[in-house]
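S.K.: Have a look at the structure that comes next, please.
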Amino acid sequence: MSNIDFEDENLDSKSFDDMERKIREYRQSLNKEGKNNFALPSIDVIEGIIDYCFDKERFDEALDFCEMWLEISPYSTDALLKKSIALLNLENYQKAIETLDKALTINPTDSELLNQKAFTLVYADKANLALDFIDLALSYDPQNEEYKFNKGLIYESLFEFEKAIEIFTELTDSNEFQFKSYMELAYCFYFKGDYTNAENYYKLALDTNPYDSALWLNLGISYLNNNKYNKAIDCFNTVIAIDEKAYYAWYYLGTCYSGMDRLVEAVSCFKNALKIEPDDLDSLFNLASLQGDLGNYDEAIKLFSKSIELEPDNYQLFFGRGICYESTNQLKKALNDYDYAINLNNKNPELWYAKAELLNDLDKPKQAIVCYRKALELNPNNIDFWFDYGLTLYELSQFDEAKTAFQKVVHLNPAWSDGYFELAKVFAKLNLIEMTTKLIIKSIELNSEKYLDFQLEFINLLKTKDYFQIEEKILRLLEI
């Protein structure tokens, strides 16, 4: 979490054992009664222990030794800096800031302290205040590349990507920060939706570190978002070659295959992802949906049911399982799941539409009408909603309302023959023969195959004389 690195590359086994022994002895002595008689180690020893604890991510112990250092030297800004870093990594951001403020009262021009305060403010979700401190640090040390890099990170956290890009681009000439700058530039462009530039910078970073699986993963995700599925697949397979237990590589590989309609391969990938993370809801949901798409409804139902156990307030899971129940003719179970889904999210028009369709299948058209109206209230320009609503009204002999519904269908898609055909049936029921004729001819003009439907359906809707008059006009239209 800190921007200061602590390395122990030269720490051999003997040194490791010696350091662990020192830590145990000093901590035990601190906890004993008669602590005042305890001879504190030298500052150099304490600082070495703190750095060791940082490297091992044992920040609570590091904090204890920072306090020990401050007992010896209460105005040491170095001790206060390291204490703030320990507090930052323990997520005690307010105390970390207070510690840095104390250090800055001792030395207000210490650029390292100012840099660390800026960094800490970002973690404390106060990035808007961080810029003042990083600018002040740079005013005292204007060539410091670490401070410039951190300023770029601050702009990132503020979503000011253009300013961040300007800084990171400058740092691509830096020996120390070139690699990190490539990664941050890729992130900035990715976040902006400029996947092509993101790809370019991920590739530059990979030139430096070709075995970095995280870079290959991120490059693959950029390709995926740019619909370059084959290139994305190559990247995710590279990640898997480096680490076959890389969950996200299997997950995104499955997403690629799904996007390419290679469903069987996608299923295999999500199964592999779930071997690594058995309770991951995203993979469970995707696998369940794919099994449903493949017609493996029983398996899909099992997967949706497991997902519901893990997240019972997710309406999409009930909706997905309900679709599978409906597909296997378990209609009452499907209706129960649709009701659960609607209780969880009554603002989704697709749920109301699915319930309406199911109620029609259950021969409950009056209840279906209520659901169609709710779906249309939420999405008034959905042509499928209007069309099926109109069909149901027609079956209920509510012809005036059916006429309105099919007129809306024709308005939404003037090139769809079915809308004119169904509207013609309504006008036939209303015995408005002139409009019936115009509409059925328009439907057949758009789709000549509707003539067969006319023969099947209108023979029973019209008087014999009217039927043959309209058919004569159709035949002239078709030149038969």
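The values are calculated or read from the model by the stated rules, or taken from the named source; none is laboratory data. From a predicted model like this one, the values you see are computed outputs, not experimental measurements. In this analysis, Cβ positions are derived from the backbone assuming ideal geometry, glycine residues included, and neighbour counts consider all displayed protein chains.
S.K.: Please state which one of M19, M1 is outside any helix (DSSP H, G or I), modelled with pLDDT under 90, hydrophobic (A, V, I, L, M, F, W, C) and in contact with a helix residue (DSSP H, G or I) (Cβ under 7 Å, 6 or more places away or on another chain).
M.R.: On inspection, the qualifying residue turns out to be M1.
S.K.: Report every pair of residues separated by at least 6 positions or lying on different chains whose Cβ atoms are under 8 Å apart, first residue within segment 99-117 and within 15 Å of S76 (Cβ to Cβ) and in contact (Cβ under 8 Å) with a residue 12 or more places away in the chain, second among the charged types (D, E, K, R) and assigned to a loop (DSSP other than H, G, I, E, B).
M.R.: Once the first residue is within 15 Å of S76 (Cβ to Cβ) and in contact (Cβ under 8 Å) with a residue 12 or more places away in the chain and sits in segment 99-117, its partners that are among the charged types (D, E, K, R) and assigned to a loop (DSSP other than H, G, I, E, B) give A103/D110; L104/D110.
S.K.: Now, a different point. Of all the residues that make up segment 138-185, how many are touching a Cys at 6+ places or on another chain (Cβ under 8 Å) and either of a type in the set (V, I, T) or in contact (Cβ under 8 Å) with a residue 60 or more places away in the chain (or both)?
M.R.: 1
S.K.: Quick one: in segment 86-97, which of the residues that are touching a Ser or Thr at 6+ places or on another chain (Cβ under 9 Å) and surrounded by fewer than 19 Cβ atoms within 10 Å (Cβ to Cβ) is nearest to L63 (Cα to Cα)?
M.R.: Selected residue: K95.
S.K.: Being at pLDDT 95 or above and crowded, with 19+ Cβ neighbours inside 10 Å is the requirement here; does K102 meet it? Write out each step before concluding.
M.R.: Details: at pLDDT 95 or above: yes; crowded, with 19+ Cβ neighbours inside 10 Å: no.
Judged against the criteria, K102 is not a match.
S.K.: Somewhere in segment 83-95, is a residue in a loop (DSSP other than H, G, I, E, B) and more than 27 Å from D18 (Cβ to Cβ)?
M.R.: Yes: one or more hits.
S.K.: From the set of residues in segment 261-279 that are crowded, with 19+ Cβ neighbours inside 10 Å and in contact (Cβ under 8 Å) with a residue 24 or more places away in the chain, which is nearest to the chain's Cα centre (by Cα)?
M.R.: Per the criteria, the residue is A273.
S.K.: Mind checking which residues of segment 74-98 are among the small types (G, A, S) and either over 22 Å from T109 (Cβ atoms) or at pLDDT below 95 (or both)? Even if it seems obvious, please write down each step before you answer.
M.R.: Step one: of segment 74-98, the residues among the small types (G, A, S) are 76, 79, 84, 86, 96.
Once the filter is applied, which keeps residues that are among the small types (G, A, S) and either over 22 Å from T109 (Cβ atoms) or at pLDDT below 95 (or both), segment 74-98 yields only A86.
S.K.: Just to confirm my filter: which helices (runs of 4 or more DSSP H) fall fully inside segment 296-347 and include at least 2 residues that are out of contact with any Ser or Thr (no Cβ under 8 Å at 6 or more places or on another chain) and surrounded by fewer than 17 Cβ atoms within 10 Å (Cβ to Cβ)?
M.R.: Passing ranges, in order: 297-310, 331-344.
S.K.: Run down D141, D135, D125 and say which single residue is at pLDDT below 95, surrounded by fewer than 23 Cβ atoms within 10 Å (Cβ to Cβ) and either of a type outside the set (A, V, I, L, M, F, W, C) or in contact with a strand residue (DSSP E or B) (Cβ under 6 Å, 6 or more places away or on another chain) (or both).
M.R.: Result of the check over D141, D135, D125: D125.
S.K.: Sort out which residues of segment 141-178 are assigned to a helix (DSSP H, G or I) and of a type in the set (D, E, K, R), and write them in order of number.
M.R.: E145, E146, K148, K151, E156, E162, K163, E166, E170, D173
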